[in-house]
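One structure is given here, and the rest of the page talks about it.
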Amino acid sequence: MGQKIHPIGFRVGIIRDWDSRWYSAKDYAKWVHEDYKIRRFLKKDLPKRRPDLASAAISRVDIERAANRVEVTIFSARPGILIGRQGRGLEEIRQALVHLLDPTYRWRAAREKEARPNVDVHVHVQEVNEPDKDAQLVAENIAQQISRRVSYKRAMRQAILRTMRAGALGIKVRVAGRLAGAEMARSEVDKMGKIPLQTIRADVDYGFAEAPTTYGNIGVKVWIYRGDILPGQKVEEESREVTPIVPQEGERPAGRRRRGRRGGRRQRGNADAETS
């Protein structure tokens, strides 16, 4: 079971907390869709509008709600890029989220000088102190290197070495697709240390990213084992808050690599032929 299920979802409520923390009986579907739009905007749409934010290295986005108040916490390895000078960048992000969650606010603000949005958005930024132990950031780093035509084997090996030097107990990286432009898609796995996926107390982080190439997308999956969590405890975020709430206006080294299933069957077939 631990080999199939999402490693983070498997541990939510035991050693991991939810990324979205709120409850609603009537507006559940609406708020779920809004959470999706917020994360999609911060991870994909915002870097397209402002290319300078593409290197902000956003790991994840936590969302808390209470009535019409929305607390957005951005975990980033480079918070200074998001904050900008005197917090101007963070204020621009907050304003963009207000217009995203309240589409009529721009129209009402043009007609009424004292118009206020229907949603109260506050933005926090927390720095990820050890990005080499964050599975999502490691996966995105490997994907970026593959997109720049770096050898996938070299990208995987370098990421594994950096993660192990950072103090991780184990890491596994899996890439799949038309590797090196091959006509037939395949997958390769490289790992070091141990990854106890079935042990719930094990703090196993997981990340996924896609590398767009001229011959198709290549998927990158990363598992990082960071140690065990004692019963009754939660994962302590290795990060620190950089800014307060933004107010409203006016306020292996060469490890063993395994090929896909076909390679395994081919090797077994050769071994059987030799024994016979």
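At a glance:
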quantity	calculated
Unmet criterion (only one of (1) out of contact with any strand residue (DSSP E or B) (no Cβ under 8 Å at 6 or more places or on another chain); (2) at pLDDT below 95; (3) over 23 Å from Phe75 (Cα atoms)) for Gln158	(2)
Test: Tyr206 is closer than 23 Å to Arg226 by Cβ, among the aromatic types (Phe, Trp, Tyr) and under 21 Å from the mean Cα position of the chain (by Cα)	yes
Selection within the stretch 124-146 - closer than 19 Å to Ser55 by Cβ and not in a helix (DSSP H, G or I)	Val125, Gln126, Glu127, Val128, Asn129, Glu130, Asp134
Looking only at the stretch 54-77, and only at residues there that are part of a strand (DSSP E or B) and hydrophobic (A, V, I, L, M, F, W, C), the one that is surrounded by the most Cβ atoms within 10 Å (Cβ to Cβ)	Ile58
Residue in the stretch 78-124 that is modelled with the lowest pLDDT, counting only those that are in contact with a Phe, Trp or Tyr (Cβ under 8 Å, 6 or more places away or on another chain) and buried (at least 16 other Cβ atoms within 10 Å of the Cβ)	Pro117
Any hit, the stretch 100-118, residues being of a type outside the set (Val, Ile, Thr), in a helix (DSSP H, G or I), under 29 Å from the mean Cα position of the chain (by Cα) and assigned by TED's automatic domain parsing to the domain that holds Pro79	yes
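The values are calculated or read from the model by the stated rules, or taken from the named source; none is laboratory data. The structure displayed is predicted, hence computed values, not measured ones. Virtual Cβ from ideal backbone geometry, glycine too; neighbours counted across all protein chains shown.
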